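Coordinate-derived values only; no laboratory data. The shown structure was predicted, so the numbers you read here are calculated from the model rather than taken from an experiment. Positions of Cβ are generated from backbone atoms using ideal geometry, with glycine treated the same way; all protein chains shown enter the neighbour counts.
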Amino acid sequence: MNIWRTSKISLRALSRNKMRSFLTALGIIIGVAAVIAMISIGNGARSAVEERFNAMGSNLLFVRAGSREFRGVHSGSGSFTNLKAEDAQAILEQCDAVKYVSPSVSSRGQVVYGNKNWNTSIQGVGESYPMIRNWEVTEGVFFDESHVRSAAKVCVLGSAVKTNLFELEDPIGQVIRVDKMPFRVLGVLKSMGESGGFFNRDDMIAVPYTTVQKRLRGIDYINSIDVSAVSADKTTEAQRQIEEVMRVRHRIAPGAADDFSVGNMADISQGAQEATGILTNLLGGIALVSLIVGGIGIMNIMLVSVTERIREIGIRMSVGAREKDILLQFLTEAVTLSVMGGLIGIALGVGASRLLSKVGGWTTLVSPGSVLLAFVFAASVGIVFGFYPARKASKLDPIEALRYE
Amino acid sequence: MSTDNVIIRLENVGRTYDVGETQVHALREVSNSIKRGEMLAIMGPSGSGKSTLMNILGCLDKPTAGRYSLEGVEVSTLQKNELARVRNGHIGFVFQSFNLLARTTALENTELPLLYAPHLSSSVAREKALQALSQVGLEGREHHKTNQLSGGEQQRVAIARSLVNNPSLLLADEPTGNLDSRTGEEIIKIFIRLNREKNITIILVTHDPDVAAIAGRRIHLKDGRVVREERK
């Protein structure tokens, strides 16, 4: 007896009890759909995180002033005041894996336009900062090198600040007051969306770092240096070169601790992705449990089915069906149930994740791997849980089976 | 010795069942031989061992003592799967309660043994089944399901199923037991015709003397032993 004939027999037997077959397969359908939907949510979260980090610049590095130690007491990170704009210039000139650098000094202040005012973050940066952070200017322009050199009182508005101060009015060329000083608005940045909910990346204004140093805070140091490597796979190389240059510039003896720290976005991004990976596994694992429960449902129904059809089994054996034939027949029924359930479950799971992203606004990502995993698992569940009832059927004694009422 | 004419040879065949501590002897020292084309009736009251004998002859069961050879093959030593092969290739069963698959057409029921026959295409199987159904006079009823057929028709489907593999031996266990006398007679006529025209060896297991009367030889069993043998 070949597989094709066996499948035909199984399909016919299953179609005789359509409602029962459907309910049995439902366990698998829900299990498979859950696996696919859950993994798609996990993967969606992962790709959303990845996308946000990419938006910030995947080849991004940053140099911060280190922790200052005075008689054994450590101050916080960035407490050194020896990070200078010249360090940034040296990194750009001496490290060939580095494409852009921008010194960065931050401050907070009250910005005023007409009768409106707003307290916001003031970021003093270099003219190449938009290239490092993938910023886009939607209206007007970003400030250039000459503005930086002359510590010009110009600014570019984050979209939230623009909305709060200007509403629908065109801000380009207007003058706002920052800590009572007049600043000319050169441009407006494209909205970047909230990052993680802690702070709004659009709620800030960007001004030349020299302006913050000289006019707003009166300092000669900078808080950090933002660097972009020539490409994402050159970040490690860039990091090494930056450390070398900085150690020479700050005259740090071999073996002594650095007075600065270099970090990269790839490491942070990877950490976040690992976290969402754990989430994906957890969700998928819970869903897999429901698939096993579905398998128990199949076993239950197959046992009932074998008992109901003892007479049929006896007839088949009397005309020459071997143990193997009966085993295969019932196993095929169980596998057909689980495979059908698996296919419907795939459709439902993909549909559910589409719906979640459309209605719920979640980022979901159905991966072929998760579909394959769910399907193979469903088929295996059919084989594993179908085997016991099928074996029971095949071991029946033909004489007793024929006599069974 | 015309051994090629003998298809069944029983030598001191016995069958005992273990029931707890004691042994029940369902069949004791049955010896006989059956020739090709013979029509034989096995008679006896219930509990006489005729069902046990039929199960052994039909290769559904194995004797616990003695030897049984079918078509020159010693079947008393075969494994379960080999017995299934023998049933599939050499034996046709007709039961008192028809034993057809429910909600399945006459044609599919008839095809059933061929489903388990090795190396047989489904078109050949279909052809053979149609032929078997026409032999029992069921042309035009091939696609009726079991529950749409009368008792007599169902038994004829069962006979067609038993014929479809060209068996050496057709075993009929009380074939008219569930039928009214007129329908029963029709079934008996089919057996007679198959025996005369196709030279098929038929063994009837019955306690009905009218049915047994058609057989050329009648074996009477009692308490697991052959007590009497009659010839027409």
Checklist entry - Roughly how crowded by other chains is peptide A:310-318, in terms of the mean Cβ count from those chains within 10 Å of each of its Cβ atoms? => result 6
Checklist outcome for this item: For B:G37, the residues 5 or more places away or on another chain with a placed amide H closer than 5 Å to its own amide H are B:T201
Item to check | Cβ-based charge dipole, region A:81-258, positive-most Cα from A:I222, A:V245, A:S159 | outcome: A:I222
Next on the checklist: Can you give me the C-alpha center-to-center distance between region B:116-170 and region A:326-405, rounded to a whole angstrom?
Outcome noted: 35 Å
Item to check | Spatial separation of Cα centroids for region B:42-82 and region B:175-202, in angstrom | outcome: 23 Å
Checklist entry - Under the Karplus relation 6.51 cos²θ - 1.76 cosθ + 1.60, θ = phi - 60°, what is the ordered set of whole-Hz ³J(HN,Hα) values for region A:172-177, x standing for Gly and Pro? => result 4, x, 6, 10, 10, 9
Checklist entry - Arranged by the count of other C-beta atoms within 10 angstrom, fewest first, what order do B:E111, B:E29 take? => result B:E29, B:E111
Checklist entry - In whole Hz, what ³J(HN,Hα) sequence does region A:294-304 give by Karplus (6.51, -1.76, 1.60; θ = phi - 60°), x for Gly and Pro? => result x, x, 5, x, 5, 4, 4, 5, 5, 5, 4
Next on the checklist: Going by average Cβ density within 10 Å per residue, which order do the peptides A:99-106, B:9-16, A:367-374 take, highest to lowest?
Outcome noted: A:99-106, B:9-16, A:367-374
Next on the checklist: As I understand it, the dipole of the protein assembly as shown uses +1 on the Cβ of Lys and Arg and -1 on the Cβ of Asp and Glu, about the Cα centre. Which of B:T64, A:Q123, B:I7 lies farthest toward its positive end?
Outcome noted: B:I7
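Semi-axes, largest first, in whole Å: what does sqrt of 5 times each Cα gyration tensor eigenvalue give for region A:255-357?
Numbers: eigenvalues 592, 55, 24 Å².
Working from the Cα gyration tensor, I get semi-axes of 54, 17, 11 Å.
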Checklist entry - Can you run phi through the Karplus equation (6.51, -1.76, 1.60; θ = phi - 60°) for region A:384-400 and list ³J(HN,Hα) in whole Hz, with x for Gly and Pro? => result 5, 7, x, 5, 4, x, 5, 5, 4, 4, 6, 8, 5, 8, x, 5, 5
Checklist entry - Hey, rough spin-label estimate for B:E71 and A:V304, points 7 angstrom out along Cα→Cβ, what's it come to in nanometres? => result 4.3 nm
Next on the checklist: Sort A:161-174, A:284-297 by packing, meaning the average of other beta carbons within 10 Å per residue, with the highest value first.
Outcome noted: A:284-297, A:161-174
Checklist entry - For A:390-401, what's the mean count of beta carbons from other chains sitting within 10 Å of each residue's beta carbon? => result 2
Checklist outcome for this item: For peptide A:9-20, the mean count of other chain Cβ atoms within 10 Å per residue Cβ is 1
Checklist entry - What whole number of Å gives the distance from the Cα centroid of region A:98-135 to the Cα centroid of region A:297-317? => result 75 Å
Next on the checklist: Along the Cα→Cβ direction, 7 angstrom out, place labels at A:V112 and A:A232. What is the inter-label distance in nm?
Outcome noted: 4.7 nm
Item to check | Exposure proxy ranking, count of Cβ atoms within 10 Å, fewest first, for B:K80, A:K234 | outcome: B:K80, A:K234
Item to check | Over chain A, relative contact order from alpha-carbon pairs under 8 Å, at least 6 apart, % | outcome: 29 percent
Item to check | Residues A:L26 and B:K198, FRET efficiency given R0 of 51 Å [Cβ-Cβ distance, rounded to 0.05] | outcome: 0.45
Item to check | Spin-label zone in region B:184-216 - amide nitrogen under 18 Å from a point set 7 Å from the Cα of B:S150 along the C-beta vector | outcome: B:184-191
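So what is the 222 nm mean residue ellipticity for chain B from helices alone, if each DSSP H run of at least 4 adds -39500 (n - 2.57) and you divide by all residues, rounding to the nearest 500 deg cm²/dmol? Can you show the working numbers first?
Details: 7 runs with 78 residues, N = 232.
Here the helix-only value at 222 nm equals -10000 deg cm²/dmol.
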Checklist entry - Say R0 is 60 Å: what FRET efficiency, to the nearest 0.05, do A:D220 and A:I383 get from their beta-carbon distance? => result 0.25
Item to check | Modelled FRET efficiency - R0 22 Å, A:S146 with A:D96, Cβ distances, 0.05 increments | outcome: 0.25
Checklist outcome for this item: With label points set 7 Å from each Cα along the Cα-to-Cβ direction at A:R177 and B:S122, the distance between them in nm comes to 9.0 nm
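Calculated from DSSP H runs of 4 or more alone, at -39500 (n - 2.57) each and per residue, what is the 222 nm mean residue ellipticity of chain A, nearest 500? Intermediate values should be presented prior to the final figure.
On the way: 12 runs with 219 residues, N = 405.
When only DSSP H runs of four or more count, the value is -18500 deg cm²/dmol.
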Checklist entry - What does the charge add up to near A:Q273, with Lys and Arg as +1, Asp and Glu as -1, over the other residues with Cβ less than 13 Å from its Cβ? => result -2
